1. Would you kindly identify the helices (runs of 4 or more DSSP H) lying entirely within the range 165-261 that contain at least 1 residues that are among the β-branched types (V, I, T), on the phi < 0 side of the Ramachandran plot and within 19 Å of the chain's Cα centre (by Cα)?
2. Within the range 137-158, track down each residue that is buried (at least 16 other Cβ atoms within 10 Å of the Cβ) and either of a type in the set (V, I, T) or part of a loop (DSSP other than H, G, I, E, B) (or both).
3. Tell me the residue from I82, I15 that is in a loop (DSSP other than H, G, I, E, B) and at pLDDT 95 or above, please.
4. Within the range 176-224, which residues are of a type in the set (D, E, K, R) and farther than 25 Å from D147 by Cβ?
5. Run down T124, T112, T100, T96 and say which single residue is at pLDDT below 95 and in contact with an Asp or Glu (Cβ under 7 Å, 6 or more places away or on another chain).
6. Could you list, in sequence order, all residues of the range 80-106 that are within 29 Å of R255 (Cβ to Cβ), among the acidic types (D, E) and surrounded by fewer than 18 Cβ atoms within 10 Å (Cβ to Cβ)?
Amino acid sequence: MNNAIAIPIFKDNYIWLITAESNHVIIVDPGDERPVLNYLQDNPLIPVAIVVTHQCYDHVDGIMAILQQFDIPVYGPASEKIPGMTHRVKQDDLITIDGTYPLKVLDVPGHTAGHVAYYQPGPTGKLFCGDTLFGAGCGRLHTGLYDEMFHSLQKISALPDETLIYCAHEYTQANLKFAYHLEPNNKAIQARIKRTDAMCAQGKITIPLLLSNETSTNPFLRCHTPAIFSAAKCYAAENGLPAPSDPLSTFRTIRDWKNQF
């Protein structure tokens, strides 16, 4: 059975190692080589590939140093600048390594224009989504567009409810404060805050995320709901902004709101 191991780096990043029944692993978004190499030295694991979601430094800066020790392929988004990239990937490409790792590529632009995610099908699917979807939040827009991010999040929300989401940052606790501000009467958000606070108090990580939890508590996946639409309209009116009229404009409004929150 495939699993994923979190390697914390920097203040709040995660590198993921996708494992299998063998001792082979795929490295996801190595922004720093040292924690990865130390982990591989301390555990009987052999890296067989690197997969990258986008070109931000905290996802790619460790690649070349890892390649100095391991001659392995590097998969990354076709339109982005990824160090050492050997395979350019795009929507619906299927990555199979040693017949063990079927990873389907999803184009999820928004945070960056060429951002991709990697979906591993199975009884419980896994999605490695970089900086697209976070716990109760989503990524900022760097080189992507609002409509791109909105549609990328819609694509993710259409995956099976039991999908496990492996994002690249530990933002859940902070993001839930914004979610609660928008929907203070949402009992699912209230319950999730209690669970998340308890996990953080015990030093546990909040990832992986369960997609069904995101669709019930993440405001950026709930732009179609009356509660989020109403909150966005109030914010726009109070700040002299154009009133949202549909889920996309609601998303634009609350994404800008979150930037100031």
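The values are calculated or read from the model by the stated rules, or taken from the named source; none is laboratory data. In this text, all values refer to a predicted model and were calculated from it rather than measured experimentally. Here the Cβ positions follow ideal geometry from the backbone for every residue, glycine too, while neighbour counts run over all protein chains shown.
1. 172-182, 187-201, 211-217, 247-260
2. Within the range 137-158, G139, L141, T143, G144, I156 meet the criteria.
3. Of I82, I15, the one residue that is in a loop (DSSP other than H, G, I, E, B) and at pLDDT 95 or above is I82.
4. Those that are of a type in the set (D, E, K, R) and farther than 25 Å from D147 by Cβ: K177, K187, R192, K194, R195, D197, K204.
5. It is T124.
6. D92, D93
Let's see how each residue does on (1) of a type in the set (S, T, N, Q); (2) in contact (Cβ under 8 Å) with a residue 24 or more places away in the chain:
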| site | (1), (2) |
| --- | --- |
| K104 | no, no |
| P121 | no, no |
| K126 | no, yes |
| C129 | no, yes |
| G135 | no, yes |
| S152 | yes, yes |
| K155 | no, yes |
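Matching residues to (1) surrounded by 15 or more Cβ atoms within 10 Å (Cβ to Cβ); (2) in contact with a helix residue (DSSP H, G or I) (Cβ under 8 Å, 6 or more places away or on another chain); (3) over 20 Å from T132 (Cα atoms):
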{"position": "I50", "(1), (2), (3)": "yes, yes, no"}
{"position": "Y57", "(1), (2), (3)": "no, no, no"}
{"position": "I66", "(1), (2), (3)": "yes, yes, yes"}
{"position": "Q69", "(1), (2), (3)": "no, yes, yes"}
{"position": "V74", "(1), (2), (3)": "yes, yes, yes"}
{"position": "A78", "(1), (2), (3)": "yes, no, no"}
